[in-house]
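Here's the structure we're looking at; comments come further down.
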Amino acid sequence: MSHQMPQGPNCLDLWREKNDQLVRQAKVAQDSSLSLRRQQLAQDALEGLRELLHSLQGLPAAVPALPLELTVTCNFIILKTSVAQGFTEDQAQAIQRGLERVLETQEQLGPRLERGLGELWDSVLHVSSLLPELLPALHCLAGLQAALWLSTDHLRYLALLLQSLNGSQSGSSEDLLLHLKTWSPPAEESDAPLILQDAQGLRDVLLTGFSGLIPSLSYPIQLHGTYLELIIGNLPKALSSLHEVASGLCPRPVLVQVYTALGTCLRKMGNPQRALVYLVEALKGGSALGPPLLEASRLYQQLGDTAAELESLELLVEALSVTQSSEAPQLLIEVELLLPQSDPASPLHCGTQSQAKHLLASRCLQTGRAEDAAEHYLDLLALLLDGSEPRFSPPPSPPGPCMPEVFLEAAAALIQAGRAQDALTVCEELLSRTSSLLPKMSQLWKDARKGTKDLPHCPLWVSATHLLQGQAWVQLGSQKEAVSEFSWCLELLFRATPKDKEQGAPSNCEQGCKSDVTLQQLRAAALISRGLEWVARGQDTKALQDFLLSVQMCPGNRDASIHLLQTLRRLDRRDEATAFWWRLEAQTKLPQKDATWSLPLYLETCLSWIRPSDHETCLEEFRTSVLEPRDL
């Protein structure tokens with residue numbers, strides 16, 4: 001027996017008006033050409049649907065309200081999936097809750113833990129024969145369930161669901177296309193609540209998506225295992241399996257993937273020329289150019305052909321921009337959302353346009369093309385900041401720098417290119433985005449020491465920003481401002497202590513660097529930078545203090561050691577210089593430990609500016625002067 005609605009006669013009408021208003025708002029968002037306004041309207045509509053669904057489900061389930069409740073559930077799932085550009089566990093739970101509400105009206109809901117989604121659907125579709133008014137909304141919900149199962153490769157469950165919808169007997173996955181073509185969702189009533197995408201529209205998307213997956217359905221298991229072998233480093237086995245697939249009659253899209261994977265495998269096995277042959281074949285496919293172009297850039301980097309590497313990355317950015325900028329995604333379930341996402345570690349994963357742009361910009365900076373790097377970084381910042389506030393967290397995949405580090409790399413590239421004023425602007429923008437955190441800085445330092453997840457690298461970012469601002473003022477010839485920025489950087493850095501190594505690995509945001517090493521190198525860079533400004537002012541005594549402290553901070557830092565030697569020599573402190581030189585010579589003869597860490601790119605770039613250009617000559621002069629007999 002169904003529950004009765006406790007509300008007044010106009011309650012359902014009010015809820016329906018709210019649903020229709022939110023659907024219209026979502027459609028207005030879709031038509032908006034401004035990405036920021038589009039995103040805000042979509043988020044507001046999504047939050048409104050969430051609240052409306054909460055209100056409906058806060059009451060006992062009742063048959064009169066179920067068509068509206070299920071419609072709101074469908075609208076919420078459709079908008080949530082399109083905004084997130086993929087299905088999540090939340091959507092699966094929303095579907096399950098909707099089915100349970102239907103069964104509650106018939107008092108047929110058993111223990112939740114004992115019933116899977118498949119059983120729930122069987123029970124609900126049986127009940128729907130008694131409640132025909134629910135059929136349009138239920139078929140829409142079934143379309144969303146089908147899209148979720150297709151996107152997660154649960155084809156057997158999908159076949160069984162379609163079998164139930166069609167009342168047929170065969171539920172094998174081989175009959176999926178037939179089941180989809182046979183499925184005929186009931187038409188919506190003219191006075192039904194508005195829905196973003198009805199069951200017929202979902203059926204059409206499913207047909208297109210499944211048809212696109214058919215050519216590769218016989219290969220995914222074999223290829224998945226092969227890619228796994230390639231990822232874990234079992235190259236001979238991966239190579240053999242890939243050759244086996246390539247020699248068969250596989251469709252062209254699959255062949256492009258196999259050729260790309262063969263290029264990756266052969267490159268890793270030290271056979272770049274054969275790898276290049278396969279990558280050229282992959283690029284002849286005319287579609288999905290991203291993965292082979294990215295692999296080609298890696299191959300050229302390994303060969304030392306920087307020009308070809310950067311050209312491949314430029315083509316990669318262009319290829320990704322064409323696919324991503326053609327048209328804003330609809331606020332609906334689209335075919336692209338049904339396709340399985342590639343593993344970030346897979347050779348078939350090429351990332352997003354912004355990730356490719358960052359790779360191009362960073363490689364330009366690393367290879368001495370500062371002007372190009374500066375332009376690429378500015379383009380990247382414009383791309384990342386278009387329509388959304390950047391979050392201070394690393395992207396999920398592939399591992400790379402988070403937004404503050406992109407700002408810092410951009411500032412370093414601008415300084416390297418001689419554009420100090422632009423670098424200051426970038427730094428000021430970053431500081432404005434971290435200004436709300438500054439009052440909490442003392443707590444952030446404590447969090448950094450404890451190794452908590454609450455922005456442990458924020459203090460380093462703020463300190464590094466002041467370091468780069470100081471370098472920009474050096475380039476502009478403003479020594480006073482430069483010294484002030486270096487001092488402020490040091491004041492922040494000396495509040496921190498390195499994290500204990502037992503407290504776990506650092507965030508991916510530092511690209512594998514240990515935060516204590518980064519902290520030490522930042523301190524040394526700031527001390528050397530300020531020391532060089534004292535030297536430029538003729539204040540060698542102050543410079544000596546900074547260089548001494550930098551050597552203490554990083555005993556193995558040769559740049560700090562050479563600056564210290566030069567300063568001692570200028571101050572005519574020969575005995576101290578000689579003693580330090582002998583200690584330095586002894587250190588160079590000790591076995592050198594291989595570094596297992598890498599520094600952030602912005603810091604590597606900054607350290608290159610304060611490196612003595614003639615350090616070998618300087619050391620040879622010291623060697624000669626030390627070995628010469630002294631006048632008595």
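The values are calculated or read from the model by the stated rules, or taken from the named source; none is laboratory data. Because the structure is predicted, anything quoted here is derived from the model rather than measured. Glycine gets a Cβ as well: all are built from the backbone with ideal geometry, and neighbour counts include every protein chain shown.
Among the residues of region 291-299, is any among the small types (Gly, Ala, Ser) and farther than 20 Å from Gly248 by Cα? Yes: one or more hits.
Of the residues making up region 269-323, those that are among the hydroxyl-bearing types (Ser, Thr, Tyr) and modelled with pLDDT of 90 or more are Tyr278, Ser297, Tyr300, Thr306, Ser312. For region 605-627, the set of residues classified as outside any loop (DSSP other than H, G, I, E, B), among the aliphatic types (A, V, I, L, M) and surrounded by 12 or more Cβ atoms within 10 Å (Cβ to Cβ) consists of Leu607, Leu619, Val626, listed by residue number. Limited to region 75-98, what total is found for residues that are crowded, with 17+ Cβ neighbours inside 10 Å, in a helix (DSSP H, G or I) and either hydrophobic (A, V, I, L, M, F, W, C) or in contact (Cβ under 8 Å) with a residue 40 or more places away in the chain (or both)? Here the count works out to 13. Report yes if Leu331 is surrounded by 14 or more Cβ atoms within 10 Å (Cβ to Cβ), outside any helix (DSSP H, G or I) and either modelled with pLDDT of 95 or more or more than 19 Å from the chain's Cα centre (by Cα) (or both), otherwise no. It is true that Leu331 is surrounded by 14 or more Cβ atoms within 10 Å (Cβ to Cβ), outside any helix (DSSP H, G or I) and either modelled with pLDDT of 95 or more or more than 19 Å from the chain's Cα centre (by Cα) (or both). One residue stands out in region 484-528 among those that are of a type in the set (A, V, I, L, M) and part of a loop (DSSP other than H, G, I, E, B): the one that is modelled with the highest pLDDT, namely Ala496.
Scanning region 550-568 for residues that are crowded, with 19+ Cβ neighbours inside 10 Å and free of Cβ contacts under 8 Å to residues at least 40 places away in the same chain returns Ser550, Val551, Met553, Cys554, Asn557, Ala560, Ser561, Leu564, Thr567, Leu568. Within this structure, Leu53 passes the test of being modelled with pLDDT of 90 or more and in a helix (DSSP H, G or I). Note on region 156-200: among residues that are of a type in the set (Gly, Ala, Ser), modelled with pLDDT under 90 and not in a loop (DSSP other than H, G, I, E, B), the one that is farthest from Cys74 (Cα to Cα) is Ser173.
Remark: pairs (first residue in region 152-164, closer than 13 Å to Thr182 by Cβ; second residue surrounded by fewer than 20 Cβ atoms within 10 Å (Cβ to Cβ) and charged (D, E, K, R); Cβ separation under 9 Å; 6+ apart in sequence or on different chains) = Ala159/Glu174; Ala159/Asp175; Leu162/Asp175; Gln163/Asp175; Ser164/Asp122.
Among the residues that make up region 112-119, is at least one of them outside any helix (DSSP H, G or I), at pLDDT below 85 and basic (Lys, Arg)? Scanning region 112-119, I find at least one residue that is outside any helix (DSSP H, G or I), at pLDDT below 85 and basic (Lys, Arg), so the answer is yes.
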